[in-house]
Amino acid sequence: MAEKKLVFTGAKWEPQVGYCRAVRVGQHIAVSGSAPVDVNGALFAAGDPYRQAKRCIEIIAAALDEAGAGIENVVRTRMFVTDISLWEEFGRAHQEAFAAITPATSMVEVSRLIGDGMLIEIEADAIVDSH
């Protein structure tokens, strides 16, 4: 098996749940669900679906960078949202980040996320060229 690299952010949920922000094995990187929190772990942009989605993508980009990749390496995203009627705002943030690479994606409504006020959580998978 290829070497495994783990990326941690220090989020309070990581040790409680037993996970890390991202795992890289060989060319594949899986980024855990990234929620809209600020650097202190507090809710980011309460009530603003677009800004919350942008923040999730920023967190994903930072995890990818630490794992030796970038947004351009993303091949799949999954968006979990608490109100699907806000899909255009979530989608606008996603489009701004990923339009050039157009990964496969899903947007699924869920009843709630781990933190009050969180409107979206995004996961990503990336593949890094072996060259």
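Please treat every number below as a calculation from the coordinates, not as lab data. Please read all numbers here as calculations on a predicted model, not as lab measurements. All Cβ positions, even for glycine, are placed from backbone atoms using ideal geometry, and neighbour counts span all protein chains on display.
Key figures for this structure:
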{"read-out": "In nm, spacing of pseudo-spin labels at ARG112 and TRP13 (7 Å Cα→C-beta vector)", "value": "1.3"}
{"read-out": "Using alpha-carbon coordinates, inclination of helix 49-66 to the longest axis of the chain, degrees", "value": "10"}
{"read-out": "Under-5 Å amide H pairs with THR105, H placed in peptide plane, nonlocal only", "value": "THR77"}
{"read-out": "Taking the chain and dividing mean pair separation by its residue count, relative contact order in percent (alpha carbons under 8 Å, at least six apart)", "value": "31"}
{"read-out": "Residues whose placed amide H lies under 5 Å from that of PHE44, excluding near-sequence neighbours", "value": "VAL37, ASP38"}
{"read-out": "Structure-based [θ]222 nm, the chain - -39500 (n - 2.57) summed over DSSP H runs of at least 4, per residue, nearest 500", "value": "-8000 deg cm²/dmol"}
{"read-out": "On Cα atoms only, tilt of 87-98 relative to the major axis of the chain in degrees", "value": "30"}
{"read-out": "Neighbourhood charge, 14 Å Cβ-Cβ cut-off, centred on ARG78 and excluding it, Lys, Arg +1 and Asp, Glu -1", "value": "-3"}
{"read-out": "Potential extension, ALA104-ARG92 segment - 0.36 nm per residue separation minus Cα distance", "value": "2.8 nm"}
